[in-house]
Amino acid sequence: MFIDVHMHEMTYSKDSFLKLDEIVRIAKEKGLGAICITDHDSMGFKELAKEYTRKTGYPVFVGIEFFSLQGDIVAFGIDNYPKERVSAQEFIDMVKAQGGVCFAAHPFRNNRRGLEEHLREVKGLDGLEVLNGSTSKEACKKAAEYAKELGLFTLGASDCHVPEKVGVCVTYFPEEIRTFEEFLAAFCKGDMKPAYYEDGEYKIFT
């Protein structure tokens with residue numbers, strides 16, 4: 001099953017041009033079994049996503065892309081998060097205290113929003129985003145090298161803000177996932193793999 005684990009919807013991510021209906025339409029066209037809305041420093045979309053999933057049966061999971069003092073971290077499975085910027089380690093510790101999971105988003109993107117060399121300093125990250133639809137191939141390759149060195153799970157995601165980016169990079173999970181609890185459990189197993197969309201289908205990145 002393929003899931004895009006890092007997406008932005010315009011209600012709470014003000015730099016996004018995407019509404020949920022459009023995201024889901026494109027996701028279905030590409031064969032995604034679920035999507036994740038991870039707005040910037042907000043989980044305000046949580047209740048809207050739950051209601052949408054209840055009405056349509058299409059799984060929409062909500063996390064957060066938190067801009068720590070060292071760079072962006074995507075987290076799932078938390079209810080509370082800082083209302084101001086804190087260190088990456090402090091945020092990771094908060095996620096872990098709540099039983100959540102987290103990964104470094106686009107760690108080597110050239111916009112000062114990735115953890116970069118801080119990856120070697122922080123403790124508790126579950127994974128790294130090694131395919132990001134809005135990041136250069138060189139930066140993604142470097143992320144993959146660090147994931148291997150540090151023994152972290154690898155993920156792919158579109159990081160979409162516009163329609164043409166929806167689902168360009170995603171994460172493959174070997175099991176069928178219908179609920180948020182199943183998503184968290186699958187994430188913790190670490191059997192997922194990054195994938196990219198090419199010639200009308202998804203291909204596993206190795």
Cα to Cα, under 20 Å, and not fewer than 8 places away if on the same chain: which lysines meet these conditions relative to residue 50?
19, 28
Per DSSP H run of n ≥ 4, the term is -39500 (n - 2.57); total these for the chain, divide by its residue number, and report the mean residue ellipticity at 222 nm rounded to 500 deg cm²/dmol.
-8500 deg cm²/dmol
Distance between modelled label sites at residue 22 and residue 199, nm, 7 Å Cα→Cβ extension:
3.0 nm
If the reach is capped at under 12 angstrom between alpha carbons, list the aspartates and glutamates near residue 142, excluding any in the same chain fewer than eight residues apart.
116, 117, 129
GNM flexibility winner over the chain from 43, 94, 192 (Cα, springs under 10 Å):
94
Would you mind checking 30/123; 46/148; 165/193; 14/123 for any pair whose Cα atoms are more than 26 angstrom apart?
30/123; 46/148; 14/123
For residue 18, what charge total do you get from the other residues with a beta carbon under 10 Å from its beta carbon, if Lys and Arg give +1 and Asp and Glu give -1?
-1
Over the Cα atoms of the chain the radius of gyration and the largest Cα-Cα distance (Dmax), both in Å, equal 15.2, 43
I'd like the projected area of segment 98-180, averaged over all directions, using the convex hull of its alpha carbons. Report it in nm² with one decimal.
6.7 nm²
Which order do the peptides 125-137, 52-64 take when ranked by the mean count of other beta-carbon atoms within 10 Å per residue, highest first?
125-137, 52-64
Which length gain, in nm to one decimal place, applies between residue 90 and residue 176 when the Cα-Cα distance is subtracted from 0.36 nm times their residue separation?
27.7 nm
Just subtract the alpha-carbon distance of residue 10 and residue 47 from 0.36 nm times their residue separation and send over the number in nm, one decimal.
11.8 nm
Looking at segment 147-206, which chymotrypsin sites (Phe, Trp or Tyr not before Pro) are in a loop (DSSP not H, G, I, E or B) and have at most 15 other Cβ atoms within 10 Å?
none
Once the Cα atoms of segment 49-93 are picked out, what are the Rg and Dmax in Å?
13.4, 39
For Cα pairs less than 8 Å apart in space and 6+ apart in sequence, what is the mean separation divided by the residue count of the chain, i.e. the relative contact order in percent?
21 percent
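FYI, it's all coordinate maths here, none of it is from the lab. The structure displayed is predicted, hence computed values, not measured ones. For neighbour counting, all protein chains shown are included, and Cβ atoms are generated from backbone atoms with ideal geometry for every residue, glycine included.
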